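Enquirer: Mind having a look at this structure? Questions to follow.
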Amino acid sequence: MNTAAERSGATATEPREPSVAPRPRASGLANIARLVPWLVPVGAGVGGLLAIDVPLAPIVKYCVYFAGCVVLPGILLLRFAWRSTGNWAEDVGLGAAVGMVWQLLGWAIFTALGLQSWLPAWPILVLAAFVVVPRLRPCWRIAAPAPLPVAWSWGLAICATALVVITTFTMLADHKAPPDGTSYYQDLLFHLSMVNELMRSMPPQWPQAVGVPLEYHWFANADMAGAVDITGVSPDLVLFRLWLLPQAVVVLLVSACLARQVSKVWWTGVLAALAVLPTTPASLLSPSTTFSLVTGAAAAIFLIDVLFRRSGARGAWVLAAALAVVGGGSKPTVLPILLGGVGLAALFVMIRDRKLPWRSIGAGLILLLALIGTLRFVSGSTGGSGLQFFGVARFRPDYQAITGDTSPPGTGGLLPPSLTSGDSTAIAGVGVMLGLHLLLSAGLLVGFGLLLVRSTRRDPVAWLLVGALTGAWAGMLLVNHPSAGELYFLRSVVPFAAAAAAWLVAVAFKGRSRRTIAVVSVSALVLGYVFYQATKPARRQAADPRAAQVEALARPLLVAAVLTALLVIGWLLINRRWVRQPGLGVAIPVLVVTALSLVALTNRSYVGIRADGTYRALNAVVHPDEQAAAQWLGAHSEPTDVVVTGSWCQSAAPRKAGCDARGYLVSGLAGRRTLMEGWAYTQQALATDGAGGKRYMFQPSPWPDRVQLTLQILTAPTSELLEEARTQYGARWIFADEHDGPVSTKLDELAVLRYQQGEIKIYELGP
């Protein structure tokens, strides 16, 4: 019979022993030995940035800023509100997350007051308080040291070095920062426009439509804006080069901390970092994803602590709530994932204990309020979203050819038209495409195995991780977003999946010999490579019948099924013939999937550094004269100046097929507000996705009066039109670009020509 303590769930809620017991203070040599590994990624990062022509001075400035204004204040606040993890490396990871929240608060206050130049006082205030106030001084040191093994430091440092090297090479192939490049991924110019906007106003406006409130998940851009305000480094250099590297390393540190917290085994942090590594470089194109990975995983760490570890630190509630809010403002997918985790864990505890888990209910209410608030005020980009089962398949490039469904993705009812057409080939094709999604995201599925293992199935933390995975997969399979935004559910849940996978391996390896662990790990690496090579997609011939194309598409799934069956049979035979290893088989699929992801990462990285690159937006060509003119305008105008420009199309070349309204030349490269520029990502444009059979980026402007006024000023200007633009919208400049269409010479008479080069003329309007 169960004891009263077991029935009440005391074993699940009592504080757990740390994975590394507190030790006497380490000697100076031991501390140096733990510090040395971290010099490798730092050296790789600095060397990589220098190799891609980033000057040394901005690198030094940003390093000093990140260490002194984000990490150090964050560590001190972390220890005051919660505690130290017992080691400096994990304190740096969690401290950076806390420091980002604190810095964001300071940015909001100082920017709203118009005191951006005084923002350095905000982190200095924290440092000074912890020096002057006697009660706060102990936070400068670790009260109960529990240093992790040097092998942990080397493992994380190697992962961080690989990440830094891959990311810098990706930067090199992606686009080149001004003044060298001519090809920009349009989203990055959009992010650059928001960084410039968030340097000048709080609350912010749409940079592309002056006077319209900014509805977007802009917290990552605000973090960059704060960095620019403090360092004085240019916004494009911060966005394109300096911001991502430390953020990506913090993602690894926080993910490793989460894995060690749930498993209570030190080396699971290294395995989790390996699992997270393949997904991080891709976030170069989505700074908001990187920022949300840090804040979402850190919020989960504090939620687990207050709900199931019961550290007794009330500050952990504050940290969890603050990080959850910032995570929600970074990416709308973060809070649903956290809600799924807390909700499923609460359900498990309620059924087990037969009473309401009030702590979990309180945490759920906090997350729900944060979700409502962020969706209402800062999230944005959710316009046009609805529910559609398996709608994500419609974004595959082979969907239309195989199913015959030519309707715009992101539109329709509860099922894609191909599933209600009665066409068996189309239905089979959709099924295969979904199967490929599962195969490509296998690393985000293995965590469900926590519910198959008896020891983890009894722990509510395992249910929290599984709940987070369930929320992510449900969001991906049910949400129907005009721009495939549902895929960010899977990207946001990566740290949770990595922690779950590492925990499973720890359980499987418990009590095993080093030889057994080495054999299984090496075998998994080999099998992962075999799986990768064997499941490469077959070439689909467009001229073949649709059924043949479906068959070609399904081959990787069939091969994966056969290899999995052979793997299971082989394991059963080995286990019976030589030595029984109950539970060890759980580690094999987890490690195989991790190895598969790492092999795929290596291949993607190699492709990424080729001369042609893979991250360029080939249609978003910025001509040299456009780039030079945008830089001149940024240097000779005030931050709050408004510009009249017709550069709202992504480029002039694709206009024959319609205007792709993702052009951000003036608002991005020049960093100035515009009367009207690219409107594709506004809530209003996203909500019209599918109208007239056109995607959201080809829809007409939600503000046709602004478009009409701009075109009239450029092609048939009058003094009355210029006066309207000046008085109604505050316009001061005209950026006349003949790459975008004809420009009237009458502007020479009505405005002051201040700049001319190539196809560009820049005029200044009178006061």
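Enquirer: Highest mean first, what order results for 640-650, 434-444 on Cβ atoms within 10 Å?
Expert: The packing order, highest mean first, is 640-650, 434-444.
Enquirer: Go through the cysteines of the chain and tell me which have no other cysteine Cβ under 4.7 Å away.
Expert: Singleton cysteines: CYS63, CYS69, CYS139, CYS159, CYS257.
Enquirer: Is there a quick way to get the dipole size of the chain? I mean about its Cα centre, with the Cβ of Lys and Arg at +1 and of Asp and Glu at -1; what is the value in debye to the nearest 20?
Expert: It comes to approximately 4080 debye.
Enquirer: Order 358-367, 158-167 from most to least packed using the mean count of other Cβ atoms within 10 Å.
Expert: 158-167, 358-367
Enquirer: Same structure again: What FRET efficiency do you get for LEU115 and ALA547 if R0 is 51 Å and r is their Cβ-Cβ distance, rounded to the nearest 0.05?
Expert: The formula returns an efficiency of 0.15 here.
Enquirer: Here's a follow-up. Hey, fewest Cβ within 10 Å first, where do ILE588, ILE109, ILE427, ILE734 land in order?
Expert: Fewest-to-most Cβ neighbours within 10 Å comes out as ILE109, ILE427, ILE588, ILE734.
Enquirer: What order, most packed first, do the peptides 67-73, 519-525, 670-676, 564-570 have when packing is the mean number of other Cβ atoms within 10 Å of each residue?
Expert: The peptides rank, most packed first, as 670-676, 67-73, 519-525, 564-570.
Enquirer: Where nothing but the Cβ of Lys and Arg (+1) and of Asp and Glu (-1) is charged, how large is the charge dipole of the range 624-764 around its Cα centre, in debye to the nearest 20?
Expert: Magnitude of the dipole: close to 400 debye.
Enquirer: Along the positive direction of the dipole of the chain (beta-carbon charges: Lys, Arg +1; Asp, Glu -1; about the Cα centre), which of GLN541, LEU242, ALA554 reaches farthest?
Expert: Positive-end residue among those listed: ALA554.
Enquirer: What nm distance separates the two modelled labels at ARG454 and GLU638, each placed 7 Å from Cα along Cα→Cβ?
Expert: Distance between the two pseudo-spin positions: 7.5 nm.
Enquirer: For a 32 Å ceiling on Cα separation, which of these pairs sit above it: LYS694/LYS746; LYS264/LYS355; LYS264/LYS536?
Expert: Where the Cα-Cα span goes over 32 Å, the pairs concerned are LYS694/LYS746; LYS264/LYS536.
Enquirer: What do you get for the angle between helix 624-636 and the principal long axis of the chain? Use alpha-carbon atoms, 0 to 90 degrees, nearest ten.
Expert: 90 degrees
Enquirer: Which value in Å is the Kirkwood Rh of the range 624-764 over different Cα pairs?
Expert: When all Cα pairs of the range 624-764 are included, the Kirkwood radius is 15.2 Å.
Enquirer: Using 1/(1 + (r/R0)^6) with R0 = 30 angstrom and r between the beta carbons of LEU440 and PHE389, what's the FRET efficiency to the nearest 0.05?
Expert: Given R0 = 30 Å and the Cβ-Cβ separation, E is 0.95.
Enquirer: How much length would be gained if the chain were fully extended between ALA538 and ARG314, taking 0.36 nm per residue of separation minus their Cα-Cα distance, in nm to one decimal?
Expert: Contour length minus the Cα-Cα distance gives 75.1 nm.
Enquirer: Let me ask something else. I'd like the distance between the alpha-carbon centres of the range 204-259 and the range 488-547, rounded to an integer number of Å.
Expert: Between the Cα centres of the range 204-259 and the range 488-547 lies a distance of 32 Å.
Enquirer: Once you have all Cα-Cα distances for the range 423-501, histogram them in 10 Å bins from zero and send the whole-percent values.
Expert: Answer for the range 423-501: a P(r) of 18, 43, 27, 10, 1 percent.
Enquirer: Here's a follow-up. Please work out how much length the chain gains when fully extended from PHE377 to LEU39, using 0.36 nm per residue of separation minus the C-alpha to C-alpha distance, in nm with one decimal.
Expert: Fully extending the segment from PHE377 to LEU39 adds 117.6 nm.
Enquirer: With semi-axes √(5λ) of the Cα gyration tensor in Å as the read-out, I listed (1) 40, 31, 26; (2) 45, 33, 24; (3) 59, 33, 24; which label goes with the value calculated from this structure?
Expert: Answer label, from the structure shown: (2).
Enquirer: Would you mind ranking GLU677, GLU486, GLU724 by Cβ crowding within 10 Å, fewest neighbours first?
Expert: In order of increasing Cβ crowding within 10 Å: GLU724, GLU486, GLU677.
Enquirer: What is the spin-label model distance, in nm, from ARG555 to ASP53 if the labels are put 7 Å beyond Cα along the C-beta direction?
Expert: 4.2 nm
Enquirer: Run the numbers for ASP705 and ARG141: contour at 0.36 nm per residue of separation, minus the present Cα-Cα distance, in nm.
Expert: 197.0 nm
We did not get these values from a lab; they are worked out from the coordinates using the rules stated. As the structure is a computational prediction, the values presented were derived from the model and not from experiment. Reconstructed Cβ throughout: ideal geometry from the backbone, glycine too, with neighbour counts over all protein chains shown.
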